[in-house]
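Taking it in order: structure first as C-alpha cells, then the write-up.
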Amino acid sequence: MERYSRQIIFPEIGEEGQRRLSQASVLIVGLGGLGSPVALYLTGAGVGRIGLCDNDTVSISNLQRQILYSEESEGQLKVEIASKRLLEHSSHTRFDLWKDGLNCDNAIDIISGYELIIDCTDNYMTRYLIDETCQELGKTWIHGAIGNFEGRVSTFIPTGIRYSDLYSDKEYQITQTSTGGVIGPLPGVIGCLQAAEAIKLICGFGETLVGKILTVDLKNLQFNVFDL
C-alpha cells in the first residue's frame, strides 16, 4: 500500500477505496488531449483495468497538447503507444486495447465490459453513441469537451438527464466538426477534472457532477457549475 499511501491517508478513500480502485474497470474513449491526462491519472491512482479505445495514429500536431506521446510516436497507433507508456508507470495494471475505436458495430460489446465510461472524444457522433449505449446498458459515463479556451465536464447516469436531452438536435450536431484551436493546458485541466470525477464515483465520496455541468474558461479564468 506504500505506492498509494498519499491517497489512502484520506478517510474518504482509505484501504477500502483503494480496493475499489484496484477492482474497478474504466473505459477511456479517445486518447487525445483529454484521454492522455485521464489515462495517466487513473493509472497512477491504481485503477485495476483500463480500456484504451481509439483508432487514430499520432500526428506531429498532437504533441502540443497530447502528453502521452513523443516525436518518435508519429504515425503509430495511439492505443499502442499509450499502453506502453502507461505500463512503464504501472506494470500491474491491465490495459485492454481497442484499436478500431468505438462504432455502432462494437459499442455494446465494448462498453458492456466496463463499470465506468469516460468520453474523451472530439465529435458529436461518438458522444451520442456513448449516450445511447450507456443508457441501454445502464452505465454511468463522464463527458468532457474542449474548444479554444473553454471546456466542460458532466456525469450522466441511466436514471438522470441524458446527453441527448441537452443536445436534442442530433442531426445538426453530428455535422459539426472541430476545426478551431485549443490552448495546450485546456485538455489537461478538463482531463484532470474527469479523472477526479472518476475516482470519486468509484470510491463513493464527495460531490459529483451528476445532474450538473462544470464549465471552464481559461482565457478569463472562470469556473462555473450549473444545474441541469
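What follows is calculated from the coordinates using simple rules that are stated; it is not laboratory data. The structure displayed is predicted, hence computed values, not measured ones. As a convention, Cβ positions derive from the backbone with ideal geometry for all residues, glycine included, and neighbour counts pool all protein chains shown.
Remarks
- Cα gyration tensor shape for region 35-125, rounded if a/c is under 1.5, else prolate or oblate: oblate
- Environment charge of F205, counting only residues whose C-beta is closer than 12 Å and scoring Lys/Arg +1, Asp/Glu -1: -2
- Listed values for region 64-78 are Karplus-derived 3J(HN,Hα) couplings in whole Hz (6.51 cos²θ - 1.76 cosθ + 1.60, θ = phi - 60°), namely 5, 9, 9, 7, 7, 10, 10, 4, 5, 7, 3, x, 9, 5, 4, and x replaces Gly and Pro.
- If R0 is 41 Å, the Cβ-Cβ spacing of D169 and E2 corresponds to a FRET efficiency of close to 0.20.
- DSSP beta bridge pairing in the chain, given as percent antiparallel to the nearest 5: 50
- 12 Å beta-carbon shell around T121, net charge (K/R +1, D/E -1): -4
- Label-to-label distance, I108 versus R94, with points set 7 angstrom from Cα along the beta-carbon direction: 2.4 nm.
- Extension gain, E72-R19: 0.36 nm per intervening residue step, less the Cα-Cα distance, totals 15.5 nm.
- The charge dipole of region 119-228, taken about its Cα centre with unit charges on the Cβ atoms of Lys, Arg (+1), Asp and Glu (-1) only, comes to about 220 debye.
- Two-site FRET efficiency, V225 against I161, from Cβ-Cβ distance with R₀ of 22 Å, rounded to 0.05: 0.90
- Rg over Rh [alpha-carbon atoms, Kirkwood Rh] for the chain: 0.94
- For the chain, the dipole from Cβ point charges (+1 on Lys and Arg, -1 on Asp and Glu) about the Cα centre works out to 500 debye, to the nearest 20.
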